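These notes concern the structure reproduced below.
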Amino acid sequence: MQEPIKLTVKDWSPEDRPREKMLAKGVYTLSDAELLAIILGSGNREESVVELSQRILQSAGNNLNELGKYSINQLMKFKGIGSAKAISVVAVLELGKRRKAEEIRKKEQIRFSKDIYDYFHSLLCDLFYEEFWVLFLSRGNRIIDKMKISQGGVSETVVDPKIIYREAINRLASGIILCHNHPSGNPQPSRQDDKITMKIREGVKLLDLTLIDHVIICDDGFYSYADNGRV
């Protein structure tokens, strides 16, 4: 029995090729796999570039946030992906994160806990370890600056409140917002989270500052101490 002939992307009709489809119908008509195929440029001997892209996306649960966590070495495990292609994919995904962060920064003012989540999500969502950040605000809740206070392991990071107090005074801040991530995916605060939140809340009061919120970020959700009446 004759084996079926395998078609490459070049054998497809022009309207089905990712680049031609983008030119003819617009970028928004392309699937995630087709967009990834354009970045990769070519597949391997067994797969077209679109099939390879589909397989890569499937390995990430068809979730671009999960794909954004892939390292260059992880991408290079796929047949047909060398260092140049892997670097291109990581770079494009990073640009997407920065674009989102830039859109949030333009708002400048924090009004709701969702604003805090949106501001920090691109910084923290892809990490496999905890980072603790502070946002320094003016009296009108406008952003003065942000600062990473510490970086820890998978389940905990050590925070020195004295550093936060000093940096808030140096920036003439009126209020601060605490933010850290939970790589586990569970946004609920731990006892240590509660302890450091209460300690910093009491400390900033003595400096005539306000702890506005402490937000714990995960990939697809967050916990706000302010929303839960705990600051």
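What follows draws every value from the coordinates through simple rules; no lab data is involved. As the structure is a prediction and not an experimental result, all values here were calculated from the model. In this analysis, Cβ positions are derived from the backbone assuming ideal geometry, glycine residues included, and neighbour counts consider all displayed protein chains.
Observations
- Antiparallel beta bridges, as assigned by DSSP with both residues in segment 111-231, represent about 70 percent of the total such bridges.
- Summary value for the chain: 13 percent relative contact order, contacts being C-alpha pairs under 8 angstrom separated by 6+ residues.
- 21 Å tail of the calculated P(r), segment 28-126, as % of Cα pairs: 39 percent
- Most mobile listed residue (SER113, SER83, SER174) in the chain, GNM with C-alpha springs under 10 Å: SER83
- Residue separation of ASP227 and GLU94 scaled by 0.36 nm, minus their Cα-Cα distance, works out to 44.8 nm of gained length.
- Cα-only Debye scattering, segment 102-231: base-10 log of I(q)/I(0) at q = 0.13, 0.14, 0.15, 0.20 Å⁻¹: -0.46, -0.54, -0.63, -1.19
- At least 24 Å along the helix axis (C-alpha) and Kyte average at least -1.0, DSSP helices within the chain: 83-105
- Here segment 119-179 has an Rg and Dmax of 12.1, 35 Å, counting Cα atoms alone.
- Around ALA91: net Lys/Arg minus Asp/Glu count, Cβ-Cβ under 12 Å: +2
- FRET E, pair SER71, MET198, Förster distance 30 Å, beta-carbon r, rounded to 0.05: 0.20
- Footprinting exposure proxy for ILE177, ILE143 (fewest neighbouring C-beta atoms within 10 Å first): ILE143, ILE177
- When the chain is treated as a GNM with alpha-carbon contacts under 10 Å, the residue of ILE116, ILE196, ILE216 showing the greatest mean-square fluctuation is ILE196.
- Note on the chain: GNM, Cα springs under 10 Å; of PHE132, PHE120, PHE112, the largest mean-square fluctuation is that of PHE112.
- Size-normalised alpha-carbon gyration radius of the chain, reference 2.2 N^0.38 Å: 1.29
- Structure note, pairs LYS97/LYS205; LYS21/LYS77; LYS21/LYS97; LYS69/LYS148; LYS114/LYS162: Cα-Cα distances above 31 angstrom occur for LYS97/LYS205.
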